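Take a look at the structure below.
The values are calculated or read from the model by the stated rules, or taken from the named source; none is laboratory data. What you see is a predicted model, and the numbers here were worked out from it, not measured in a lab. All Cβ positions, glycine included, derive from the backbone under ideal geometry; neighbour counts span all protein chains shown.
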Amino acid sequence: MGRILSIQVGRVAALGPNGGRSAFIKTPVSGPVAVHRLGVEGDMQANLKVHGGPDKAVYLYPFERYALWQERFPLLAPMFAPGGLGENVTTTGIDEESVYLGDILAMGSARLQVSEPRIPCGKITQRFGDSRIGPLMRDSGWRGFYCRVLTEGTIAAGEAITLEARPQPGMLIADVQRGRGAATL
């Protein structure tokens, strides 16, 4: 189905000109990384009301989307790189048009279930300093998606992402984002 290109984690720190607290900024980690019920080891969230938790434990984003962002925002192009949109796992070969709500993905020794598309928040504007990015993410569908952890394990860059099961074949993430299905599983 796809591959893990890179894995990133973030710590809570000041973000943007107002210094709001966020763990949006992610840095790459190497080697096998543990994935627990509440996320990737070493990753944090500042606002657990809207980020993280068991249903949004791991955020995946397709690497292929970064070229589109770089094209749209050439002055910000260097910021549009793996981890740049706050994802834990940057993927290749899978995106919102190939993943269904409820898909069970095996990667490394972990099993994750696709739980919902990302809903862009104000942290994106704070990160990039451009208020057009959040609405474009929402309207274009270039959002990525969250997963819950069904089986804790370890993952590493370069490992395959395989589809283990598709219990909801009619709920493509891209369609859910477009409002044609339930927002979460």
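Looking at this structure, is Asp130 in a loop (DSSP other than H, G, I, E, B) and either of a type in the set (Asp, Glu) or in contact with a Pro (Cβ under 8 Å, 6 or more places away or on another chain) (or both)?
yes
All but one of (1) touching a residue at least 24 places away in the same chain (Cβ under 8 Å); (2) at negative phi; (3) more than 16 Å from the chain's Cα centre (by Cα) hold for Pro78; state the number of the condition that does not hold.
So the condition that Pro78 fails would be (1).
Can you report the number of residues in segment 165-177 which are surrounded by 16 or more Cβ atoms within 10 Å (Cβ to Cβ) and not in a loop (DSSP other than H, G, I, E, B)?
The number of residues fulfilling the criteria is 6.
Conditions: (1) under 21 Å from Val149 (Cα atoms); (2) in a loop (DSSP other than H, G, I, E, B). Pro82 meets all but one. Number of the miss?
(1)
I'd like the residue in segment 114-163 that is acidic (Asp, Glu) and at pLDDT below 95 and, out of all such residues, is farthest from the chain's Cα centre (by Cα).
Asp130
State whether one or more residues within segment 96-112 are part of a strand (DSSP E or B), in contact (Cβ under 8 Å) with a residue 40 or more places away in the chain, under 23 Å from Lys49 (Cβ atoms) and not aromatic (Phe, Trp, Tyr).
Yes.
If you check Val40, Val58, Val29, which single one turns out to be modelled with pLDDT of 90 or more, more than 14 Å from the chain's Cα centre (by Cα) and surrounded by 18 or more Cβ atoms within 10 Å (Cβ to Cβ)?
Going through Val40, Val58, Val29 in turn, just one is modelled with pLDDT of 90 or more, more than 14 Å from the chain's Cα centre (by Cα) and surrounded by 18 or more Cβ atoms within 10 Å (Cβ to Cβ): Val29.
So, restricting to strands (runs of 3 or more DSSP E) that lie completely within segment 1-73, which ones have at least 1 residues that are in contact with a Ser or Thr (Cβ under 7 Å, 6 or more places away or on another chain)?
Output list reads 2-9, 13-15, 27-29, 33-36, 58-62.
Please find, among Thr151, Thr162, the residue that is over 22 Å from Phe63 (Cβ atoms) and either in contact with a strand residue (DSSP E or B) (Cβ under 6 Å, 6 or more places away or on another chain) or charged (D, E, K, R) (or both).
After applying the criteria, what remains is Thr151.
Considering only segment 114-148, how many residues are surrounded by fewer than 16 Cβ atoms within 10 Å (Cβ to Cβ) and either within 18 Å of Gly2 (Cβ to Cβ) or in contact with a strand residue (DSSP E or B) (Cβ under 7 Å, 6 or more places away or on another chain) (or both)?
Counting residues in segment 114-148 that are surrounded by fewer than 16 Cβ atoms within 10 Å (Cβ to Cβ) and either within 18 Å of Gly2 (Cβ to Cβ) or in contact with a strand residue (DSSP E or B) (Cβ under 7 Å, 6 or more places away or on another chain) (or both) gives 0.
What single numbered condition from (1) surrounded by fewer than 14 Cβ atoms within 10 Å (Cβ to Cβ); (2) in contact with a Lys or Arg (Cβ under 6 Å, 6 or more places away or on another chain); (3) at pLDDT 95 or above; (4) not basic (Lys, Arg) fails to hold for Pro78?
That leaves (2) as the condition not met.
Within the bounds of segment 6-15, is there any residue that is surrounded by fewer than 18 Cβ atoms within 10 Å (Cβ to Cβ), among the hydroxyl-bearing types (Ser, Thr, Tyr) and at pLDDT 90 or above?
Looking through segment 6-15, none of the residues is surrounded by fewer than 18 Cβ atoms within 10 Å (Cβ to Cβ), among the hydroxyl-bearing types (Ser, Thr, Tyr) and at pLDDT 90 or above.
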